[in-house]
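First up is the structure itself, then whatever we jot down about it.
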Amino acid sequence: MVATTILLILKKKLAFLGLILTIPLCSDQTSMEELSATLDYLLSIPSEKCKARGFTVIMDGRKSQWNIVKTVVLMLQVQQLLLFQNVIPAEVSLW
């Protein structure tokens, strides 16, 4: 996938890829199709050697509904089965 075809979606910052894949979900989240396209693009960037080691995923669902978090977890498990060994959603509450 070429970046120009996904540029408008990337500007929405639906996910970030560094040493850790970060997905900051929120209640006004765009479509799952856009998030899926973003993940497909970001995961096409690392080399095969890096992909073989797997990714650490942090999904912040504090500003989202549980059904959205659950859908994204299932999407990661199904669509990226070979890339992700463990996907663990966690809620951190300081109050």
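Amide H contacts of THR56 (H built 1.01 Å from N, in plane; Pro and chain starts excluded): LEU21 sit under 5 Å, all sequence-distant by 5 or more or on other chains. For the range 26-58, the residues whose amide N sits under 20 Å from a probe point set 7 Å from the Cα of MET75 along the beta carbon direction are 26-46, 55-58.
Once the piece of chain linking TRP66 and PHE16 is laid out straight, how much longer is it, given 0.36 nm per residue of separation minus the C-alpha distance between them?
Numbers: separation 50, 0.36 × 50 = 18.00 nm, distance 2.08 nm.
Taking 0.36 nm per residue and subtracting the Cα distance, the gain is 15.9 nm.
Read-outs: derived from the displayed coordinates by stated rules, not from any lab. Computed from a predicted structure; not experimentally measured. Cβ: placed from backbone, ideal geometry, glycine included. Neighbour counts: every protein chain shown.
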